[in-house]
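The structure under discussion appears below in the form of C-alpha cells.
What follows draws every value from the coordinates through simple rules; no lab data is involved. What you see is a predicted model; the values in this text were computed from it and never measured. Positions of Cβ are generated from backbone atoms using ideal geometry, with glycine treated the same way; all protein chains shown enter the neighbour counts.
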Amino acid sequence: MTNEGLAAPVSARDEAFAEFALRTAIDAGAAILPHFRAPIDVEDKGGDRGYDPVTEADRAAEAVISAAIASPTKIPAPQALCRMPPRA
C-alpha cells in the first residue's frame, strides 16, 4: 500500500492495520467462496431478538477472522499498534 493520493500521510501503524485487514478479508473470502451459488442452510440465531440469519459461509468467514485476530503472527505487533507519540 502507498500513501499516494491520500489527503493525510498514512502511519506505519495504519499501514500494518490495512495490510492485516486486507489479508484477513482475502482469506475470509476464500473460506466463503465454496458456498457461493451452492444450496445453503440458514439458521436463525436471533431467538427472542428477532430474525438473525446465519449460514455455514458466515461461520466459515467468522472462523478465519477470529483465527487471524487471535494469531500473534498475523496481527500487527502490539508494540507497533500501541505506540504512543513522544511527550513534548
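Note on Phe17, Phe36: ascending count of other Cβ atoms within 10 Å places them as Phe36, Phe17, the fewest first.
Kindly state, to the nearest 0.05, the FRET efficiency for Arg13 paired with Phe36, given R0 = 30 Å and r defined as their beta-carbon distance. Before the final figure, lay out the partial values.
Working: r = 34 Å, r/R0 = 1.13.
E between Arg13 and Phe36, to the nearest 0.05, is 0.30.
How long is the gain from Ala67 to Phe20 if the chain were fully straight, where each residue apart is worth 0.36 nm and the alpha carbon distance is subtracted? Walk me through the intermediate numbers first.
Working: separation 47, 0.36 × 47 = 16.92 nm, distance 1.23 nm.
Here the answer is 15.7 nm.
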